[in-house]
Amino acid sequence: MNTIFNGKHWSIQRFISGFANNAFLITCKQTNKSVIIDTPANPTALIRAAKNTEVTAILITHGHRDHVEGFMNVSTHFKVPVGIGIADKESLPTSAQTSINFATNPRLEIGNIIIQAVATPGHTQGSTCFIVRPNNNNEHAHIFSGDTLFPGGPGKSTSHERLMQMIDSIKTHIFTLEESTMILPGHGEFITVGNSKKEYDRFSSKPLNPKLFGNVTWLQ
């Protein structure tokens, strides 16, 4: 069963494919409108499920190949607006209609669901997280973090400066959310903001190696 959240107003389905990537289908129960987040390779199950909904947008967390390898397959079935951080736009085929500009239009309404795009550079310069909550705000929010944040630590960084940029993104845009907010990354399992902050507090309580970058874990 790929449904990971089934509330009164909306549902979230997860599809694992490609390089053990998570792709998500978020559906408004009142309108059956949906949005796809990320398009890894071999998205057959994602496409099959999405065809039972009215897909209104495809959103990409960042431009690394494993998150966009199935993009052409998905976009062939669903001719809908596409959103990706502008700095990562070149990772998509030139034919892609990237008509959602997060800089000018960060707030999307999918049926009765609100999706807020927030720029979280660090893992890539165009990395974007998506905060999803219903209009009535009675259900817990979820944030789709791509490879910016996982249970246990941030995504891979290519320099110490990029690591610090990613940590700043996490502290500014993720750790300021309600502690009950669920973090859904681009690979693996999930964690709440509250528990992720506890992990980070242990990391930040120790002196920081000024040369640290790469695969960093909070509890190392």
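The values are calculated or read from the model by the stated rules, or taken from the named source; none is laboratory data. Note that this is a predicted model, so its numbers are computed, not measured. So basically every Cβ, Gly included, is an ideal-geometry build from the backbone, and we count neighbours across all protein chains shown.
If you go through region 166-192 and pick out every residue that is in contact with a strand residue (DSSP E or B) (Cβ under 7 Å, 6 or more places away or on another chain) and either part of a loop (DSSP other than H, G, I, E, B) or not hydrophobic (A, V, I, L, M, F, W, C) (or both), you end up with 12. Taking the listed residues Asn112, Asn101, Asn105, the one that is over 24 Å from Gly18 (Cβ atoms) and touching a Phe, Trp or Tyr at 6+ places or on another chain (Cβ under 9 Å) is Asn112, with no other qualifying. In this structure, is Arg107 surrounded by fewer than 16 Cβ atoms within 10 Å (Cβ to Cβ) and over 27 Å from Ser159 (Cβ atoms)? When the stated conditions are applied, Arg107 passes them.
Annotation: Thr104 fulfils all but one of (1) touching a strand residue (DSSP E or B) at 6+ places or on another chain (Cβ under 7 Å); (2) free of Cβ contacts under 8 Å to residues at least 12 places away in the same chain; the unmet one is (1).
Looking only at residues in region 82-103 that are in a loop (DSSP other than H, G, I, E, B) and modelled with pLDDT of 95 or more, which one is surrounded by the fewest Cβ atoms within 10 Å (Cβ to Cβ)? It would help to see each step written out before you state the result.
Filtering region 82-103 down to residues in a loop (DSSP other than H, G, I, E, B) leaves 84-85, 92-99, 101-103.
Now drop any that are not modelled with pLDDT of 95 or more, which leaves 84-85.
Working: Ile84: 27, Gly85: 25.
Out of the qualifying residues, it is Gly85.
Go through the residues of region 182-193 one by one and say whether even a single one is without any contact (Cβ under 8 Å) to a residue 24 or more places away in the chain and more than 20 Å from Ala23 (Cα to Cα). No; the residues of region 182-193 include none that is without any contact (Cβ under 8 Å) to a residue 24 or more places away in the chain and more than 20 Å from Ala23 (Cα to Cα). Residues in region 11-44 that are touching an Asp or Glu at 6+ places or on another chain (Cβ under 6 Å) and in contact (Cβ under 8 Å) with a residue 60 or more places away in the chain: Phe19, Asn21, Asn32, Lys33. Restricting attention to region 24-47, the residues being crowded, with 24+ Cβ neighbours inside 10 Å and either at pLDDT below 95 or small (Gly, Ala, Ser) (or both) number 1.
Just one of the listed residues (Val118, Val74) is under 25 Å from Asn52 (Cβ atoms) and either in a helix (DSSP H, G or I) or not basic (Lys, Arg) (or both), and it is Val74.
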